[in-house]
Every structure is written in C-alpha cells, then in structure tokens.
Amino acid sequence: MSILVKMRLKRLGLKLSHEERKELDRLLIEKTGEKDCDEAVKKVSDEQFIKLVNEAIQRVKSKKPIYIQAT
C-alpha cells in the first residue's frame with residue numbers, strides 16, 4: 001500500500017485489515033485509471049475515499065467463507 005493511502009487512512013481515523021487495504025488499493029486504481037496508488041489517492045476527495053473504503057470492506061466481507069460449527 002502506498003504511503004499516501006496510509007496517511008489518509010490515519011488522518012481520517014480509519015483502520016483496515018491487510019486484505020481490506022489491498023482491496024482499497026485495487027479500487028483506487030480501478031476508479032481513477034492510474035497505475036499507482038500514490039497517484040490514484042491524490043485524485044479522490046475524502047468523501048470518495050470513504051466510499052471506496054466502505055466498498056473495499058464490503059467486498060472483503062463477501063469473499064470470506066462463513067464457517068458453521070456442527071453441534
């Protein structure tokens with residue numbers, strides 16, 4: 001993850017898991033068309049960034065398998 005993405009997360013008081021940060025990087029690159037997270041994060045507002053953070057969290061949650069313990 002880029003330093004600028006980490007700095008913005010910290011400034012906004014947001015904490016993400018490793019998987020969520022990787023997904024956020026992918027989303028930033030996808031939405032802005034940039035090749036680098038550092039450049040991509042410069043192109044989004046705080047509001048857009050927060051929406052992308054929420055989308056990254058939701059994508060990771062939907063990918064995680066749910067384990068049910070047999071009783």
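Within 10 Å, count the other beta carbons around each residue, average over each peptide in 24-37, 7-20, and list them highest first. Numbers along the way, then the final one.
Values: 24-37: 16.6, 7-20: 12.9.
Top to bottom by mean Cβ count within 10 Å: 24-37, 7-20.
Using a Cα-Cα cut-off of under 21 Å, which lysines could be cross-linked to K35, ignoring same-chain neighbours fewer than 8 residues away?
Result set, ordered by chain and number: K6, K22, K43, K51.
Show which aspartates and glutamates lie in cross-link reach of K63 when reach means a straight Cα distance below 19 angstrom and same-chain residues fewer than eight apart are skipped.
By straight Cα distance, K63 reaches E19, E20, E23, D25, E30, E55.
May I ask for the Rg/Rh ratio of the chain, computed from Cα atoms with Rh as the Kirkwood radius, given to two decimals?
1.08
Let me spell out the model: positive unit charges on the Cβ of Lys and Arg, negative unit charges on the Cβ of Asp and Glu, origin at the Cα centre of the chain. What dipole size does that give, in debye rounded to 20?
200 debye
All of the numbers you see were taken from the coordinates with simple rules; none came from a lab. Small disclaimer: the values here were computed from a predicted structure and weren't measured. Cβ: placed from backbone, ideal geometry, glycine included. Neighbour counts: every protein chain shown.
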